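The next block holds one structure in the form of structure tokens; read it before the comments.
The values are calculated or read from the model by the stated rules, or taken from the named source; none is laboratory data. Given the structure is predicted, the values throughout are model-derived calculations rather than measurements. We place every Cβ from the backbone using ideal geometry, glycine too, and count neighbours over all the protein chains shown.
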Amino acid sequence: MCNLYSMTKGRQAIIDFAKATRIVDGIGNLAPMPGIFPDYPAPIVRTVEGERELTLARWGMPSPQFVLKDRTVDPGVTNVRNTTSPHWRRWLGPGNRCLVPFSSFSEYETLPDGRKVPAWFAFDESRPLAFFAGIWTNWTSTRKTKEGEVNADLFAFLTSEPNAEVGAIHPKAMPVILTTSDELDMWMTAPWEIARELQRPLPDGALQIVARGRKDDAA
């Protein structure tokens, strides 16, 4: 699963591509984020009062109850595959969908000596902006023992079968990626019966490995 990605494009690029018209106070200029890990705050675009809003949320949606049995801490679920599950279905409507901007993402590659290192995927060496198909919610939980109970906006993104490039490294899944304005609009507004068609891999040949071995992708 993708548990590490980067977002190095500027705030205005996100606003323009995602057609965001609201910006949450305090979000700043969005400095490059070359390594975004689970539970990190990261930018998302969601719909609020009929407008697309750029804000920050923590990466990791609430875990299903069976996962939390005998546990007091919920670090969250970063990748969502089974959209038929009642746990996830409640957040699949347009009001809980979001766009998660990224410039590259990684899957861990197993080397001949057994070490696992990130292989970073992007469309090309310029790492153009694109978006994961995400969901979000506001939730109260204990994500870290030392932090205690907190209320926070949380997000995750959908996954699908991998395409050829990702499958060669991680044969189980890849993030659901949106690349055009029409796809962004469809994800943010269409009924689930239509929007679910976007839960599919990119075509083979759409991605390439742009870096290996680093815990971030600052390029």
Under the condition of being assigned to a loop (DSSP other than H, G, I, E, B) and of a type in the set (A, V, I, L, M, F, W, C), which residue from segment 73-111 is surrounded by the most Cβ atoms within 10 Å (Cβ to Cβ)?
-> TRP91
Of the candidates LEU154, LEU184, the one satisfying the condition of being outside any strand (DSSP E or B), more than 19 Å from ASP204 (Cα to Cα) and touching a strand residue (DSSP E or B) at 6+ places or on another chain (Cβ under 6 Å) is LEU184
Out of PRO34, PRO62, sole residue that is surrounded by 12 or more Cβ atoms within 10 Å (Cβ to Cβ) and closer than 16 Å to LEU154 by Cα = PRO62
Looking at GLY35, GLY114, which is the one that is more than 19 Å from SER181 (Cα to Cα), assigned to a loop (DSSP other than H, G, I, E, B) and either out of contact with any Lys or Arg (no Cβ under 6 Å at 6 or more places or on another chain) or at pLDDT 95 or above (or both)?
-> GLY114
From THR140, THR159, which residue is under 18 Å from HIS87 (Cα atoms) and surrounded by fewer than 20 Cβ atoms within 10 Å (Cβ to Cβ)?
-> THR140
Kindly list, by first and then second residue, each pair from a residue in segment 183-203 that is over 14 Å from LEU158 (Cα atoms) to a residue that is surrounded by fewer than 16 Cβ atoms within 10 Å (Cβ to Cβ), limited to pairs with Cβ atoms under 7 Å and residues at least 6 apart or on different chains.
-> MET186/ILE194; THR189/PRO94
If we keep just the residues of segment 186-199 that are loosely packed, with under 13 Cβ neighbours inside 10 Å and charged (D, E, K, R), which is nearest to VAL80 (Cα to Cα)?
-> GLU197
Identify, by number, the condition in (1) under 14 Å from the mean Cα position of the chain (by Cα); (2) within 24 Å of GLY205 (Cβ to Cβ); (3) surrounded by 20 or more Cβ atoms within 10 Å (Cβ to Cβ) that PRO43 doesn't meet.
-> (2)
For segment 39-72, name all the residues that are assigned to a strand (DSSP E or B), over 22 Å from TYR5 (Cβ atoms) and not hydrophobic (A, V, I, L, M, F, W, C).
-> THR47, GLU51
Output for segment 4-32, where each listed residue is among the small types (Gly, Ala, Ser) and at pLDDT 95 or above | SER6, ALA13, ALA18, ALA20
